[in-house]
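Enquirer: The structure's right below; bear with me while I get my questions together.
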Amino acid sequence: MPLHRGNTEASDGDGPRRLSVNPFVGEANPVGGMTEAPPKHRLPDAPMAPSSAYQVVHDELMLDGNSRLNLATFVTTWMEPQATALMAECRDKNMIDKDEYPRTAELERRCVAMLADLWNAPDPSSAVGCSTTGSSEACMLAGMALKRRWMRRNADRYPGARPNLVMGINVQVCWDKFCNFWEVEPRLVPMEGERFHLDPQAAAGLCDENTIGVVGILGSTFDGSYEPIADLCAALDALQERTGLDVPVHVDGASGAMVAPFLDKDLEWDFRLPRVASINTSGHKYGLVYPGVGWALWRDKEALPEELVFRVNYLGGDMPTFALNFSRPGAQVVAQYYSFLRLGREGYRAVQQAAREVAGKVAEDVENLGDFRLLTRGDQLPVFAFTTAPDVTAYDVFDVSRRMREAGWLVPAYTFPPNREDLSVLRVVCRNGFSTDLAELFVDDLSRSLPELRRQPHPTTHDKGAATGFHH
C-alpha cells in the first residue's frame with residue numbers, strides 16, 4: 001500500500017480546512033442536520049445523515065478517472081451484474097474464518113483444483129495452493145518457499161551465505177520488495193537491444209550455489225511479451241548437467257497464466273516443465289474478477305516447506321493456511337469461482353481471444369498513423385507497447401500521454417530500465433470491456449491529437465523521471 005503522511009495542508013485561517021459542501025446537502029437540508037461543513041483531515045464532531053455523507057463522498061469521487069478508459073491498468077474493470085450481486089452477498093464474510101464459512105472455503109479449494117488442472121500439474125490432487133489478495137502476495141509466498149527450501153538444503157552454510165534470486169530487470173516491483181524484505185540478493189538480467197525481457201542463458205550464467213530460484217515472467221508488464229520459460233528451464237537443465245546445481249523456477253503468470261492456457265495451448269510454460277516449482281496469477285487481471293484476488297500454486301507438497309504452513313481448527317479438523325494477510329474478504333474468491341463456473345474453458349478462450357484481436361487491431365491502426373513504431377503487437381498478452389518513430393522530433397511519448405488524458409484516456413508513458421534507459425514508450429492494455437468500438441474511439445482521439453503535437457517546436461517534457469507513469 002502507498003504511504004501517506006498526515007495533514008500537511010495549511011489551515012484556511014479560520015481553523016482546519018473544510019470540505020466544500022453543496023447547500024442542498026448541508027444548511028438547506030433540514031433532514032440532513034449538517035450545520036457546518038465537515039473538516040477534511042480530522043473526524044467531525046457530530047454525525048450526519050447517510051444521504052449527506054454519501055453525496056459528499058460521491059461528488060469528490062467524480063474527479064477520479066473513468067476506469068473503463070484506463071489503458072494503464074491490468075485489473076478487471078467490468079463484471080456481470082450477477083457477479084456483482086454475489087460479491088455484495090459475501091462482502092461481510094471473512095476469508096480466514098473457514099470454520100464459520102465452510103462453503104466459501106470449499107469454493108476456494110475448488111478454484112485451486114481447477115487451476116492445478118488448467119496448469120497441467122502432474123497430479124492435480126497433490127498440487128497445493130491458496131488464494132491471496134493479489135499476485136504481489138502470491139509472489140511473496142512463492143519467494144518464501146524458494147528461500148526456505150534453499151535454507152534447508154544449505155543448513156550447513158546458512159546464515160553465513162547470502163541467498164540470491166535471478167530474474168529479468170523487467171520484473172514487477174513486488175519482486176524488488178521480496179528481495180528487500182526477505183534479505184535476498186536480486187540478480188537482474190538487463191535488457192539488450194530489442195530484447196526487453198530475460199535471456200535464458202544470461203539467467204543461467206548468474207546462478208550459483210546460493211541461488212534460491214529463477215523467476216520467469218509470463219507476460220511482462222513493460223511490453224506484454226512472454227518470457228521463454230521452456231528455454232529458461234532447458235538452460236537450467238544444462239547448468240545442472242555441468243555443475244550439479246538444481247535451480248527451481250517460479251513462473252510469475254500474473255497476467256499470462258490466465259491467457260496462455262486458452263489461446264496458446266501448445267506453449268510449454270507451466271507444470272509440464274519439471275523444473276517449474278510454483279506459479280502465481282492475478283484473478284483480478286485476466287482472471288476477470290474485480291480486485292483483489294490472486295492465486296499461488298505449488299507442484300506438490302515437497303515444493304512448499306511444511307514449516308511455512310500454519311494450521312487452524314476447521315470444523316473440528318485441521319485446516320492448513322499459508323498467507324501474509326489474515327482477515328480479508330471472501331467476495332473476490334466467490335467471484336472467481338463464479339467466473340470459472342460461468343465461462344468454462346471455451347468462455348475464457350472467447351473472452352481472451354476477443355481482447356487479443358482488439359489489441360492486434362489497435363496496434364495496427366496506431367502503426368498506420370505513421371508517427372509511431374511498435375515494440376510489440378498484442379499477440380501474446382493483449383497488450384502492446386509503442387514509441388515515437390525516429391523522424392518524430394516535435395514531441396515525445398510523454399506529450400502523447402498528457403494529450404490523451406485530456407480526452408479521458410489514461411495511457412502510461414515510461415522509460416525502460418537498464419540497459420535501455422534511452423527508450424521511452426507508451427503501453428496499451430486491452431481488457432475485457434475495451435470493445436472494438438472503444439478501441440476505434442481511442443485511435444480517433446490519438447489521430448486528432450497529432451496535428452497539434454506535430455506543430456510543437458520540441459517536446460515539452462523536461463524531467464522524464466517525474467513524467468514517467470506508473471506502468472505496472
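The values are calculated or read from the model by the stated rules, or taken from the named source; none is laboratory data. If you're wondering where the values come from, they're calculated on a predicted model, not measured in any experiment. A quick note on method: Cβ atoms are made from the backbone with ideal geometry, for glycine too, and the neighbour counts reach across all protein chains shown. The area values use the complete protein model at the heavy-atom level, side chains included, leaving out ligands, DNA and RNA. Shrake-Rupley method; radii C 1.70, N 1.55, O 1.52, S 1.80 Å.
Enquirer: Answer yes or no as to whether G168 is within 21 Å of the chain's Cα centre (by Cα) and on the phi > 0 side of the Ramachandran plot. Step through it out loud before you land on a result.
Expert: Numbers: within 21 Å of the chain's Cα centre (by Cα): yes; on the phi > 0 side of the Ramachandran plot: no.
Judged against the criteria, G168 is not a match.
Enquirer: Right, another one. With a cut-off of at least 2 residues that are touching a residue at least 40 places away in the same chain (Cβ under 8 Å), name the strands (runs of 3 or more DSSP E) lying wholly within the stretch 358-464. Outline the logic, then answer.
Expert: Details: elements: 372-374, 383-388, 413-415, 424-429.
Where strands (runs of 3 or more DSSP E) fall fully within the stretch 358-464 and carry at least 2 residues being touching a residue at least 40 places away in the same chain (Cβ under 8 Å), they are 383-388, 413-415, 424-429.
Enquirer: Select from the stretch 257-274 the residues that are of a type in the set (D, E, K, R) and more than 15 Å from E346 (Cβ to Cβ) and list them in ascending order.
Expert: Within the stretch 257-274, the subset of a type in the set (D, E, K, R) is 264-266, 268, 270, 272.
Hits for the stretch 257-274 are D264, D266, E268, D270, R272.
Enquirer: Residues to consider are V362, V334; find the one that is of a type in the set (V, I, T), touching a strand residue (DSSP E or B) at 6+ places or on another chain (Cβ under 9 Å) and open to solvent by less than 30 Å² (accessible area, probe 1.4 Å). It would help to see each step written out before you state the result.
Expert: Working: V334 fails: touching a strand residue (DSSP E or B) at 6+ places or on another chain (Cβ under 9 Å).
Answer to the selection: V362.
Enquirer: Taking the condition modelled with pLDDT under 95, open to solvent by less than 40 Å² (accessible area, probe 1.4 Å), under 21 Å from G360 (Cβ atoms) and not basic (K, R), does G433 pass? Spell out how you get there, then give the answer.
Expert: Values: modelled with pLDDT under 95: yes; open to solvent by less than 40 Å² (accessible area, probe 1.4 Å): yes; under 21 Å from G360 (Cβ atoms): yes; not basic (K, R): yes.
So G433 fits the description; yes.
Enquirer: Can we say A113 is of a type in the set (G, A, S), assigned to a helix (DSSP H, G or I), open to solvent by less than 40 Å² (accessible area, probe 1.4 Å) and closer than 26 Å to Y286 by Cβ?
Expert: On the way: of a type in the set (G, A, S): yes; assigned to a helix (DSSP H, G or I): yes; open to solvent by less than 40 Å² (accessible area, probe 1.4 Å): no; closer than 26 Å to Y286 by Cβ: yes.
Criteria not met by A113.
Enquirer: Only one of these conditions is not met by T133: (1) of a type in the set (S, T, N, Q); (2) open to solvent by less than 40 Å² (accessible area, probe 1.4 Å); (3) closer than 22 Å to S278 by Cβ. Which number is it?
Expert: (2)
Enquirer: Which residue pairs have Cβ atoms under 7 Å apart, sit 6 or more places apart or on different chains, and have a first residue in the stretch 148-161 that is surrounded by 13 or more Cβ atoms within 10 Å (Cβ to Cβ) and a second that is modelled with pLDDT under 85?
Expert: M151/Y158
Enquirer: Pairs needed: first member in the stretch 49-63, at negative phi; second member anywhere, loosely packed, with under 11 Cβ neighbours inside 10 Å and in a loop (DSSP other than H, G, I, E, B); C-beta distance under 8 Å; at least 6 residues apart or different chains.
Expert: Pairs found: A49/V31; S51/V31.
Enquirer: If I go through the stretch 162-199 residue by residue, how many of them are open to solvent by 10 Å² or more (accessible area, probe 1.4 Å), farther than 27 Å from E307 by Cα and assigned to a strand (DSSP E or B)?
Expert: Summing the residues that are open to solvent by 10 Å² or more (accessible area, probe 1.4 Å), farther than 27 Å from E307 by Cα and assigned to a strand (DSSP E or B) in the stretch 162-199 gives 3.
Enquirer: Another one. Name the residues in the stretch 241-280 that are out of contact with any helix residue (DSSP H, G or I) (no Cβ under 7 Å at 6 or more places or on another chain), within 16 Å of G213 (Cα to Cα) and of a type in the set (S, T, Y), would you?
Expert: T243
Enquirer: Going by the conditions given, is D64 over 30 Å from R431 (Cβ atoms), modelled with pLDDT of 70 or more, open to solvent by 60 Å² or more (accessible area, probe 1.4 Å) and among the charged types (D, E, K, R)? If you could, list the steps in order and put the result at the bottom.
Expert: Numbers: over 30 Å from R431 (Cβ atoms): no; modelled with pLDDT of 70 or more: yes; open to solvent by 60 Å² or more (accessible area, probe 1.4 Å): yes; among the charged types (D, E, K, R): yes.
For D64, the condition - over 30 Å from R431 (Cβ atoms), modelled with pLDDT of 70 or more, open to solvent by 60 Å² or more (accessible area, probe 1.4 Å) and among the charged types (D, E, K, R) - is not met.
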